[in-house]
Amino acid sequence: MLNRALMLLVLASMAVGAAWAAENPFVGEWKLNSSLTRMPDEMKVESKGANTYSFDFGGGVGEKIVVDGTYQPGRGRTTLSVKPDGPDWIVERKKDGKLLLRATWKLSQDGSTLTDLYRQFEPDGSTISMDYVYQRNGGGSGFAADWQSTKETMNSPFVLHVKEYGSGGLSFVSLFEPEAKNVKLDGHDYPQGAHSSTSIRRVDEHTLEMTDKQDGKVSDTREIKLSADGKRLTMTVHAADASKPNVMVFDRE
């Protein structure tokens, strides 16, 4: 009787796994619901005197430049420029002479709030448009402060494409990751370009856990969870260098 019960349990488990593979509920096109999405950001601007500032856009590494509109050496073989434009600042970054991003920073009259109109220019000619609202945290004056975002608005259409990959795998393509991320749901690391890899494991029928690595070190983990009716997908991203997770909510197209 015990052997028969164990056999039935194994067969039942196999049947559930086969049905899940045949009708993978994660497959489809998912459109970002910006009103329910939070992608907290923090940036630190420190005055060094003589119109010189240090900019920390994440990772705890500051880029020290003079705010005069010229392009000066920045992180990752890029150049960084910050130009006063009336009461605003125009922030631009280039690499190999090509413009990567432009952001317009606007301070509220009382100096407590910073609005960042952020535009990122992709190699295919498309533009990612986001608007951030930051609140001053702690001291500082003018643009110098520890700025923590309270609202992030994605203006560009953002669709996450999830397709079947091989036997029992998934392929992910999105606005931020245009190159297909192909993985099997076995928890093993799969190369995703130079020095990076991704693994996914299935927690249950409606939950996946993804781990991204860079140079063998975990760069982020993601919980990908479906609603009970399969119409909404929530991706919670814990980046290694971020204190707060990104919570991205998608609706099935």
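The values are calculated or read from the model by the stated rules, or taken from the named source; none is laboratory data. In this text, all values refer to a predicted model and were calculated from it rather than measured experimentally. With ideal geometry, Cβ positions are generated from the backbone for all residues, glycine too; neighbour counts draw on all protein chains shown.
The listed residues are Ser141, Ser167, and the only one of them that is touching a strand residue (DSSP E or B) at 6+ places or on another chain (Cβ under 9 Å), part of a loop (DSSP other than H, G, I, E, B) and over 25 Å from Phe57 (Cβ atoms) turns out to be Ser167. The set of residues in segment 193-243 that are over 17 Å from Gly169 (Cβ atoms), more than 17 Å from the chain's Cα centre (by Cα) and of a type in the set (Asp, Glu) comprises Asp204, Asp215, Asp229. Looking only at residues that are assigned to a loop (DSSP other than H, G, I, E, B) and of a type in the set (Lys, Arg) in segment 208-253, which one is modelled with the lowest pLDDT? Step by step, filter segment 208-253, then rank; the result is Lys244.
When restricted to residues that are surrounded by 15 or more Cβ atoms within 10 Å (Cβ to Cβ), in contact with a Phe, Trp or Tyr (Cβ under 9 Å, 6 or more places away or on another chain) and either at positive phi or not basic (Lys, Arg) (or both), segment 208-253 contains 9. In segment 69-87, the qualifying residues are those that are under 14 Å from Phe55 (Cβ atoms) and of a type outside the set (Ser, Thr, Tyr), and the one that is surrounded by the fewest Cβ atoms within 10 Å (Cβ to Cβ) is Gly76. Of all residues in segment 92-115 being in contact with an Asp or Glu (Cβ under 9 Å, 6 or more places away or on another chain) and touching a residue at least 24 places away in the same chain (Cβ under 8 Å), which is surrounded by the most Cβ atoms within 10 Å (Cβ to Cβ)? Here the residue is Trp105.
When Ala194 is tested against (1) buried (at least 18 other Cβ atoms within 10 Å of the Cβ); (2) in a loop (DSSP other than H, G, I, E, B), just one condition goes unmet, and that condition is (1). Taken together, the residues in segment 50-79 that are part of a strand (DSSP E or B) and either in contact (Cβ under 8 Å) with a residue 40 or more places away in the chain or within 21 Å of Gln148 (Cα to Cα) (or both) amount to 6.
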